[in-house]
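Undergrad: Structure in structure tokens, see below.
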Amino acid sequence: MKVLGWITLLFALIAMPLVAAEALKGPVILKVSGNISSPDEVDGKVLFDLATLQALPQYEIVSSNPWVDKPHKYRGPKVADVLAAVGANGKSITLTALNSFQIRINWDKVAKYNPILAWEDDGVAMRVRDKGPLWFMLPLDQYPELKRSEYTDMMIWQLDLIDIQH
């Protein structure tokens, strides 16, 4: 009987990551890792599909940026809400794009601007070829100080991974 109990426990521990991954309804579009504490953590990462990100409160930023010819309306969750959802505890984040481009950001420097993870551009879900599926978006038109390269360089598109450091 004890052996059966240990076998059941072992199977449950092995199957746990499968349960969290199976809860996703679509392909993984974002991974969050590093200094996090979440019951949804699998192999050191929390995985998000579009539906999971859309379940968070959604915000809009209407702004121009160096890559568009006129202001666009971007929609997505606040980065702060995503970080809170995974129990992030750190002072900096490293953003990594699908092509492995990375940028490290002092979170305190940008948190007050309420950046979002834009998944929608002018009412259309962004595809990889359109800088999607996620774009780290800052409200450049609302805060003129953000129109400097030190901030626009943070606006990584095709975002794939957020890693939280102390």
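Undergrad: Report the label-to-label distance for residue 142 and residue 43 in nanometres (one decimal), using points 7 Å from each Cα along the Cα→Cβ vector.
TA: Going by the 7 Å Cα→Cβ label model, 3.7 nm.
Undergrad: While we're here: Taking square-rooted eigenvalues a ≥ b ≥ c of the alpha carbon gyration tensor, is the stretch 91-154 rounded, prolate or oblate, where a/c under 1.5 means rounded and, failing that, a/b exceeding b/c means prolate?
TA: It comes out oblate by the Cα gyration axes.
Undergrad: Using a Förster distance of 35 Å, how high is the FRET efficiency between residue 130 and residue 150, based on the Cβ-Cβ distance and rounded to 0.05?
TA: Using R0 = 35 Å, I get an efficiency of 0.90.
Undergrad: Moving to a separate point now. Full-extension gain between residue 122 and residue 23, please, as 0.36 nm times their residue separation minus the C-alpha to C-alpha distance.
TA: Between residue 122 and residue 23, full extension yields an extra 32.7 nm.
Undergrad: What pairs in 45/91; 45/73; 91/147; 31/91; 31/112; 109/131 have C-alpha atoms more than 20 Å from each other?
TA: From 45/91; 45/73; 91/147; 31/91; 31/112; 109/131, over 20 Å: 45/73; 91/147; 31/112; 109/131.
Undergrad: Another question about this same structure. Carbon and sulfur: what percent of the chain's accessible surface (1.4 Å probe)?
TA: Percent of accessible area from carbon and sulfur atoms in the chain: 57.
Undergrad: Please compute the length gained on full extension between residue 68 and residue 101, using 0.36 nm multiplied by the number of residues separating them and subtracting their Cα-Cα distance.
TA: Gain on stretching residue 68 to residue 101: 9.8 nm.
Undergrad: Can you pull out the chymotrypsin sites (Phe, Trp or Tyr not before Pro) in the stretch 133-165 whose DSSP state is coil and whose Cβ has at most 10 other Cβ atoms within 10 Å?
TA: Within the stretch 133-165, no chymotrypsin sites (Phe, Trp or Tyr not before Pro) qualify (loop, at most 10 other Cβ atoms within 10 Å).
Undergrad: Under the rule a/c < 1.5 gives rounded, and otherwise a/b versus b/c splits prolate from oblate, where does the stretch 32-116 land using the Cα gyration tensor?
TA: Cα axes put the stretch 32-116 in the prolate bin.
Undergrad: While we're here: Which net charge results for the neighbourhood of residue 132, defined as the other residues with beta-carbon distances under 14 angstrom from its beta-carbon, given Lys and Arg at +1 and Asp and Glu at -1?
TA: -2
Undergrad: Another question, then. Let's test this: bin the Cα-Cα distances of the chain at 5 Å from zero up to the farthest pair and state each bin's percent.
TA: Pairs per bin, as whole percents: 2, 8, 17, 21, 19, 13, 7, 5, 3, 2, 2, 1, 1, 0.
Undergrad: Kindly provide the trypsin sites (Lys or Arg not before Pro) of the stretch 39-111 that DSSP labels as loop, not H, G, I, E or B, and whose Cβ sees at most 16 other Cβ atoms within 10 Å.
TA: Of the trypsin sites (Lys or Arg not before Pro), the ones in loops of the stretch 39-111 whose Cβ has at most 16 other Cβ atoms within 10 Å are 91.
Undergrad: Also, I was wondering about something else. With the crude spin-label approximation of a point 7 Å out along Cα→Cβ, what separation in nm comes out for residue 51 versus residue 114?
TA: In this crude spin-label approximation the distance works out to 2.8 nm.
Undergrad: Follow-up question, since we're still on this one. Would you tally the net charge around residue 74, using a Cβ to Cβ cut-off of less than 11 Å, leaving residue 74 out, and scoring K and R as +1, D and E as -1?
TA: After counting each charged neighbour, the total is -1.
The values are calculated or read from the model by the stated rules, or taken from the named source; none is laboratory data. All values reported here derive from a predicted model rather than from experimental measurement. Quick reminder, even Gly has a Cβ in these numbers, built from the backbone with ideal geometry, and neighbours come from all protein chains shown. These accessible areas exclude ligands, DNA and RNA; they are computed on the full protein's heavy atoms, side chains included. Shrake-Rupley method; radii C 1.70, N 1.55, O 1.52, S 1.80 Å.
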